[in-house]
Amino acid sequence: MYGRFTEKAEKAINLSQEGAMLLGHSYVGTEHLLLGLVKEGTGVAARVLQGQGITEEKILEVLKKVCQAHTILSISHRLSSMVASDTVVILENGRVKNAGSPEILLESDEWYRSHLALEKLTWG
């Protein structure tokens, strides 16, 4: 991948990117790197963080609380970056085709459901 990191570090970076995407963030910041290090689970950093009682669940809880105080607008062609959103707006030919939470769209919108299923095939 990057060629200059250990296998564990590369895994933590990949997990950081996934964490940012699942939170609907369009960037990878230090908070996502912290999450990736904990999720990797076997490296020295993970063991130190776990020893201090820092878990994936606690990090996500704090990030969600921080995000509640802000409005984040994400424009994306990847549905996977929208799964943590309160509202997803689907546009077609410049017009709103549908809107709702990811959960509601998964139940009610065939386009959303089929495209999310196709995208999941590329997740790994």
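Of the listed requirements (1) in a helix (DSSP H, G or I); (2) touching a residue at least 40 places away in the same chain (Cβ under 8 Å), residue 25 misses just one: (1). Among the conditions (1) more than 16 Å from the chain's Cα centre (by Cα); (2) aliphatic (A, V, I, L, M); (3) modelled with pLDDT of 80 or more; (4) surrounded by 10 or more Cβ atoms within 10 Å (Cβ to Cβ), residue 96 misses just one, which is (4). Using the structure shown, decide if residue 39 is in a helix (DSSP H, G or I), of a type outside the set (Phe, Trp, Tyr), open to solvent by 70 Å² or more (accessible area, probe 1.4 Å) and touching a residue at least 24 places away in the same chain (Cβ under 8 Å). No: the conditions fail for residue 39. Scanning region 99-119 for residues that are in a helix (DSSP H, G or I), in contact (Cβ under 8 Å) with a residue 12 or more places away in the chain and either farther than 23 Å from residue 18 by Cα or open to solvent by 80 Å² or more (accessible area, probe 1.4 Å) (or both) yields a single hit, 111.
The values are calculated or read from the model by the stated rules, or taken from the named source; none is laboratory data. Remember, predicted model here, so these are calculated numbers, not experimental data. Every residue, glycine as well, gets a Cβ built from its backbone with ideal geometry; the counts of neighbours run over all protein chains shown. Side chains are part of the model used for accessible areas, which takes the heavy atoms of the whole protein and leaves out ligands, DNA and RNA. Shrake-Rupley method; radii C 1.70, N 1.55, O 1.52, S 1.80 Å.
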